[in-house]
1. Mind telling me which of the residues Phe220, Phe187 ends up being more than 20 Å from Asn75 (Cβ to Cβ) and open to solvent by less than 70 Å² (accessible area, probe 1.4 Å)?
2. Under 7 Å between Cβ atoms, at least 6 apart or on separate chains: pull out the pairs that start in the range 145-172 with a residue that is without any contact (Cβ under 8 Å) to a residue 40 or more places away in the chain and under 25 Å from Gly192 (Cβ atoms) and end on any residue that is of a type in the set (Ser, Thr, Tyr) and open to solvent by less than 10 Å² (accessible area, probe 1.4 Å).
3. Do any residues in the range 254-281 that are outside any helix (DSSP H, G or I) have Cβ atoms under 7 Å from those of residues that are open to solvent by 40 Å² or more (accessible area, probe 1.4 Å) and modelled with pLDDT of 95 or more, where the two are at least six apart or on different chains, and which pairs are they?
4. Are there any pairs, at least 6 apart or on different chains, whose C-beta atoms fall under 7 Å, with the first in the range 237-252 and polar (S, T, N, Q) and the second modelled with pLDDT of 85 or more, and if so, which?
5. Any residue in the range 190-199 that is out of contact with any Lys or Arg (no Cβ under 7 Å at 6 or more places or on another chain), of a type in the set (A, V, I, L, M, F, W, C), modelled with pLDDT under 95 and more than 28 Å from Ser275 (Cβ to Cβ)?
6. Identify the single condition in (1) open to solvent by 80 Å² or more (accessible area, probe 1.4 Å); (2) at pLDDT below 95 that Gln83 does not satisfy, given that it satisfies every other one.
7. Within the range 43-60, is even one residue open to solvent by 60 Å² or more (accessible area, probe 1.4 Å), under 30 Å from Ile159 (Cβ atoms), of a type outside the set (Ser, Thr, Tyr) and at pLDDT 60 or above?
8. Might you check whether a residue that is open to solvent by 10 Å² or more (accessible area, probe 1.4 Å), farther than 14 Å from Gln62 by Cβ and assigned to a loop (DSSP other than H, G, I, E, B) occurs anywhere in the range 227-234?
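The values are calculated or read from the model by the stated rules, or taken from the named source; none is laboratory data. Bear in mind that the values here come from a model prediction, so they are computed numbers and not experimental data. All Cβ positions, even for glycine, are placed from backbone atoms using ideal geometry, and neighbour counts span all protein chains on display. Ligands, DNA and RNA are excluded from the accessible area calculation, which covers all protein heavy atoms including side chains. Shrake-Rupley method; radii C 1.70, N 1.55, O 1.52, S 1.80 Å.
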Amino acid sequence: MLCLDLPSSPIAIWGSITSVLNSSFVSAFLSALAGAGLGVWGAQRLAERSARARELLEGLRQANAIVVLASTIANQALSVKKQHVKPLSDQYFKDHSAAKSLQDKPLNGTPAQPIAFQFQLTKITPLTLPIETLKNLTFSAQLMPGRALALVSIVEQSITELTHAINTRSEMIDAFHQSHFDQRILFLDYYGLQRPDGNTNAMYHDIMVAVSDYTNDVAFFSTELAEELQSHAARMREKLLKFRREVPKANSVDFSGARESGLMPPREDYNSWLSGFKLQD
């Protein structure tokens, strides 16, 4: 049996304990233990900061890439609007109003004055846009704002609708060229006016409305996405500067020219959609 020679009185026992605790061995052991604890905490803190910095850096790079893709889509939509869609639409709807007025005058007892009309049957080439690359990058990106995800979805939908409208218009143009209807019926169908038999074929008129509207949608929503990610990239960069001195710049875009010229559709047209989202702080 193991026997320990311990002092009999409590005072003597406490003195022995104090003596042991004050020994150089115990002091060194406690110091090593405390140092190890602080070292582990410091290493963990450093690892967390490093991981956060990498996350912010990746988020900044992804945001910059999305800014480039979204602005590319916006610029292409604005370009096709300026070169093709707006001139065709402006002339078509101007002529449509004149044609409708001409048709209504006999009903009002007003003699009709002869007006020359010219069919605008120039085809529009569908846009080739990097929507799949934009989707893949956005939905796999880190720290992505929810508003950006919603914008990517509606940009994709708008591109799909615009492509369908452009292709349908081209098919209708081919049908006009191949039609055996007399000139009066073609005239009425082209402008979506009522035929003598009381029927109305408004397909071409509706397609012209769709091409114009969806071109505006692609331009507007992709611009919103580019500007949203520009702000997001700036926020990522500001946070990253707290961890590193040298960080990439945030990409910037400027659509002020398109807005000032009236080429960009007004925000008021999209208030119902925009009201569902708040800008990120």
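1. Every option except Phe187 fails the conditions.
2. These pairs meet every condition: Met172/Tyr204.
3. Short answer, once both residue conditions are applied: Leu263/Lys82.
4. Pairs found: Asn251/Asn64; Asn251/Val67; Asn251/Val68; Asn251/Gln230; Asn251/Ala233; Ser252/Gln230.
5. no
6. Status for Gln83: all satisfied but (2).
7. There is at least one residue in the range 43-60 that is open to solvent by 60 Å² or more (accessible area, probe 1.4 Å), under 30 Å from Ile159 (Cβ atoms), of a type outside the set (Ser, Thr, Tyr) and at pLDDT 60 or above.
8. For the range 227-234, residues open to solvent by 10 Å² or more (accessible area, probe 1.4 Å), farther than 14 Å from Gln62 by Cβ and assigned to a loop (DSSP other than H, G, I, E, B): absent.
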